[in-house]
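S.K.: This is the structure, below, for whatever I ask next.
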């Protein structure tokens, strides 16, 4: 039986603003490093999917607060829509993760 490889096209790249927040907050960085790759992807998507700069800044603050509270994924977040086949109609057939 052939082993099926996981589709990794949905994975988001680390952004400079998230990296700066992690670099500035060593305790948050330690918590981040304990997350699974999928959980990290959820946080990156959650921070970057918003349109307004102000909302993104709020998400960066909440990322730190929530990780310190022991949360491993964004609260009330259905998950990265880019990893679901049906999401292509909203994000474009050829759009790659950010």
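S.K.: Go through the range 36-71 and give me each residue that's modelled with pLDDT of 95 or more, outside any helix (DSSP H, G or I) and surrounded by 13 or more Cβ atoms within 10 Å (Cβ to Cβ).
M.R.: 71
S.K.: Go through the range 8-35 and give me each residue that's under 15 Å from residue 83 (Cα atoms) and surrounded by fewer than 16 Cβ atoms within 10 Å (Cβ to Cβ).
M.R.: 8, 9, 13
S.K.: Which count do you get for residues in the range 72-91 that are assigned to a loop (DSSP other than H, G, I, E, B) and either at pLDDT 75 or above or surrounded by 14 or more Cβ atoms within 10 Å (Cβ to Cβ) (or both)?
M.R.: Number satisfying all stated conditions: 9.
S.K.: While we're looking at this one, here's another question. Looking at the structure I just gave you, is residue 94 loosely packed, with under 11 Cβ neighbours inside 10 Å and modelled with pLDDT under 95?
M.R.: For residue 94, the condition - loosely packed, with under 11 Cβ neighbours inside 10 Å and modelled with pLDDT under 95 - is met.
The values are calculated or read from the model by the stated rules, or taken from the named source; none is laboratory data. Bear in mind the structure is a predicted one, so any value in this text is a computation, not a measurement. Neighbour counts run over all protein chains shown; Cβ positions are idealised from the backbone, glycine included.
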